[in-house]
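The values are calculated or read from the model by the stated rules, or taken from the named source; none is laboratory data. Only a predicted model underlies this, so the values are computations on that prediction, with no experimental measurement involved. Note that we place each Cβ from the backbone using ideal geometry, even for glycine, and neighbour counts take in every protein chain shown. Surface accessibility is based on the protein's heavy atoms, side chains included, excluding ligands, DNA and RNA. Shrake-Rupley method; radii C 1.70, N 1.55, O 1.52, S 1.80 Å.
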Amino acid sequence: MTVLTAEQKQKWKEDGYLAIPDFFSSEETNEMITRARQLLNEFDIEGHPLTTFKTAEDGEHVGDTYFLESGDKVRYFLETSALTPATASDPAKLRVPPAQAVNKIGHALAVLDPVFRMYTLESDKVRDLARDLGEQQSPRVLQSMIICKQPKIGGSVPTHNDSTFLYSNPPSAIGAWIALEDCTPSNGCLSFLPGSHKTARISSRFVRAAGGGTTFVPVPGVEPNEESWEDMPGWKQAPCKAGTLVLIHGSVMHRSPPNPSEKSRLIYTFHMIEGAEGYTYDEKNWLQPTEAMPFASLL
Ligand SMILES: O=C(O)CCC(=O)C(=O)O
């Protein structure tokens, strides 16, 4: 079934991302945000390892087993600024109620959560979109999550591209990012460097470190880009209404700022990699399929 117009397909090719307004109806979006809020309200801090979420390429990044073993579970990761600093005598504590401390919930909502499953693996609309986009012959769904950007404390997402984090050889990641609330420059909407997917080389990848945790390693034979994406002219904000689905090419550079506003910015996202012959997803990647939960085929 045709979902995208010729203009939309052209824009996707040129920009490396495509916002599709009203992809989900307001009823469908309401169902997802109600479920997201329910999951937040169910969050129990008791026994939680206080794992926060950070992945800056030149700084600290998340790497405990709570994170590394979350690929086939529904787990909660906290905003760094939601915690008081730990001292030798005083462990870190939440500064805000648990439901407001969560940065993201992941990474297997598309499989384990009945509502998000319905709008991912069981959605004809999503399947038609993947077919019509025509980038992947055999899309496999992985890393499905809610990203919260809580009012006042929601942190930034640094400049990155997704194939660095979900590396396949050759790179093939595509993100489907769904606004569950209106996303504006004030509450931390996405920004893109349009067209950067055409020149960005996946020269580094996020992997499990030999001694535990995670790290970035070079991709052999791929020269890093010389340009500093961060400061390049041409970045474009991508504000959108709730119900919009944004397709994100695995090589396009994107980011989002903190949320200093009073309004939350909840989104749901899942990713796809090519599962067809000729593409490999190896054991070095931080996110691993398990025997019980291989990456699910969308089609
Ligand atoms: O939701 C955000 O602010 C960032 C999401 C993102 O970068 C991604 O899904 O790749």
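Inspect region 253-276 for any residue being among the basic types (Lys, Arg), more than 12 Å from the ligand (Cβ to nearest atom), under 18 Å from Asn161 (Cα atoms) and open to solvent by 50 Å² or more (accessible area, probe 1.4 Å) and give the result as yes or no.
No, every residue in region 253-276 fails to be among the basic types (Lys, Arg), more than 12 Å from the ligand (Cβ to nearest atom), under 18 Å from Asn161 (Cα atoms) and open to solvent by 50 Å² or more (accessible area, probe 1.4 Å).
What pairs can you find where one residue is in region 233-248 and modelled with pLDDT of 95 or more, the other is in a loop (DSSP other than H, G, I, E, B) and acidic (Asp, Glu), and their Cβ atoms are less than 7 Å apart, with a gap of 6+ or different chains?
Close Cβ pairs (under 7 Å, with a partner that is in a loop (DSSP other than H, G, I, E, B) and acidic (Asp, Glu)) amount to Lys241/Asp182; Ala242/Glu181; Ala242/Asp182; Gly243/Asp22.
Name the one entry in Ala296, Ala238, Ala292 that is at negative phi, open to solvent by less than 50 Å² (accessible area, probe 1.4 Å) and more than 12 Å from the ligand (Cβ to nearest atom). Working first, answer last.
Details: Ala238 fails: more than 12 Å from the ligand (Cβ to nearest atom); Ala292 fails: open to solvent by less than 50 Å² (accessible area, probe 1.4 Å).
Result of the check over Ala296, Ala238, Ala292: Ala296.
Given the residues Glu230, Glu226, which is the only one that is exposed (fewer than 12 other Cβ atoms within 10 Å of the Cβ), within 16 Å of the ligand (Cβ to nearest atom) and farther than 26 Å from Met32 by Cβ? Step through it out loud before you land on a result.
On the way: Glu226 fails: within 16 Å of the ligand (Cβ to nearest atom).
After ruling out the rest, the residue left standing is Glu230.
Please indicate, with yes or no, whether at least one residue in region 282-299 is touching a helix residue (DSSP H, G or I) at 6+ places or on another chain (Cβ under 9 Å), at pLDDT 95 or above, over 19 Å from Leu193 (Cβ atoms) and outside any loop (DSSP other than H, G, I, E, B).
The answer is yes, given that some residue of region 282-299 is touching a helix residue (DSSP H, G or I) at 6+ places or on another chain (Cβ under 9 Å), at pLDDT 95 or above, over 19 Å from Leu193 (Cβ atoms) and outside any loop (DSSP other than H, G, I, E, B).
For region 244-281, give me the residue count where each residue is among the small types (Gly, Ala, Ser) and assigned to a strand (DSSP E or B).
1
Tell me, which strands (runs of 3 or more DSSP E) wholly within region 9-112 include 1 or more residues that are among the hydroxyl-bearing types (Ser, Thr, Tyr), surrounded by 13 or more Cβ atoms within 10 Å (Cβ to Cβ) and within 19 Å of the chain's Cα centre (by Cα)?
Qualifying strands (runs of 3 or more DSSP E): 17-20, 74-78.
Thr215: away from the ligand (no atom under 15 Å from the Cβ) and in a strand (DSSP E or B), yes or no?
On the way: away from the ligand (no atom under 15 Å from the Cβ): yes; in a strand (DSSP E or B): yes.
Taking the combined requirement at face value, the residue satisfies it.
Please determine, by comparing only the residues of region 147-177 that are aliphatic (A, V, I, L, M) and more than 10 Å from the ligand (Cβ to nearest atom), which one is farthest from the chain's Cα centre (by Cα).
Ile153
If you go through region 122-168 one residue at a time, how many are in contact (Cβ under 8 Å) with a residue 12 or more places away in the chain, part of a loop (DSSP other than H, G, I, E, B) and under 28 Å from Thr184 (Cα atoms)?
11
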